[in-house]
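Student: To start, I am sharing the structure in question, which I have written as structure tokens.
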Amino acid sequence: MKIIRKTKTELELEITGEDETILHPIAHILLQNDEVEYAACMADSPLVTKKRLFIRVKKGSPKDALKKAVKYLENEVKQFGKNFE
């Protein structure tokens, strides 16, 4: 993971080796947060291994919003695993 751009309200990350399978759910969860104005997963081409995750917040920190979204997704996956058993 590489930080492309970081400001008080925006964060753009370049992520290598991951695809939309994980990045789209993260962006979806970010968009459910009232403090997040915009979140998206992007790629120059579907064939490239480098994807970008962009976050813009209305208030708070984009990094904190990302951490919160990842933690939420982690808990959802764990709960799904428990329910599956």
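The values are calculated or read from the model by the stated rules, or taken from the named source; none is laboratory data. Everything quoted here is computed from the prediction, not taken from an experiment. Glycine gets a Cβ as well: all are built from the backbone with ideal geometry, and neighbour counts include every protein chain shown.
Student: Check ILE3, ILE55, ILE15 and return the single one that is surrounded by fewer than 11 Cβ atoms within 10 Å (Cβ to Cβ) and part of a strand (DSSP E or B).
Tutor: Just one listed residue meets the conditions, ILE3.
Student: While we're on this one: Restricting attention to segment 36-50, which residues are farther than 17 Å from LYS6 by Cβ and over 11 Å from the mean Cα position of the chain (by Cα)?
Tutor: The answer is ALA43, ASP44, SER45, PRO46, LEU47, VAL48, THR49, LYS50.
Student: As an exercise: evaluate ASN83 against (1) touching a Ser or Thr at 6+ places or on another chain (Cβ under 9 Å); (2) outside any loop (DSSP other than H, G, I, E, B) and give the number of the one condition it does not meet.
Tutor: (1)
Student: Okay, moving on. Under 6 Å between Cβ atoms, at least 6 apart or on separate chains: pull out the pairs that start in segment 22-33 with a residue that is under 13 Å from ARG56 (Cα atoms) and end on any residue that is at pLDDT below 95 and surrounded by 15 or more Cβ atoms within 10 Å (Cβ to Cβ).
Tutor: Qualifying pairs under 6 Å: ALA27/CYS41.
Student: Just one of the numbered conditions (1) surrounded by 11 or more Cβ atoms within 10 Å (Cβ to Cβ); (2) touching a Lys or Arg at 6+ places or on another chain (Cβ under 7 Å) is not true of LYS68; which one?
Tutor: LYS68 satisfies every listed condition except (2).
Student: Follow-up question, since we're still on this one. Look at THR9 and say whether it is of a type in the set (S, T, N, Q) and at pLDDT below 95.
Tutor: No; evaluated as a whole, the condition is false for this residue.
Student: Oh, and also: Hey, can you tell me all the residues within segment 20-52 that are at pLDDT below 95, surrounded by 14 or more Cβ atoms within 10 Å (Cβ to Cβ), in a strand (DSSP E or B) and hydrophobic (A, V, I, L, M, F, W, C)?
Tutor: Residue satisfying the conditions is CYS41 alone.
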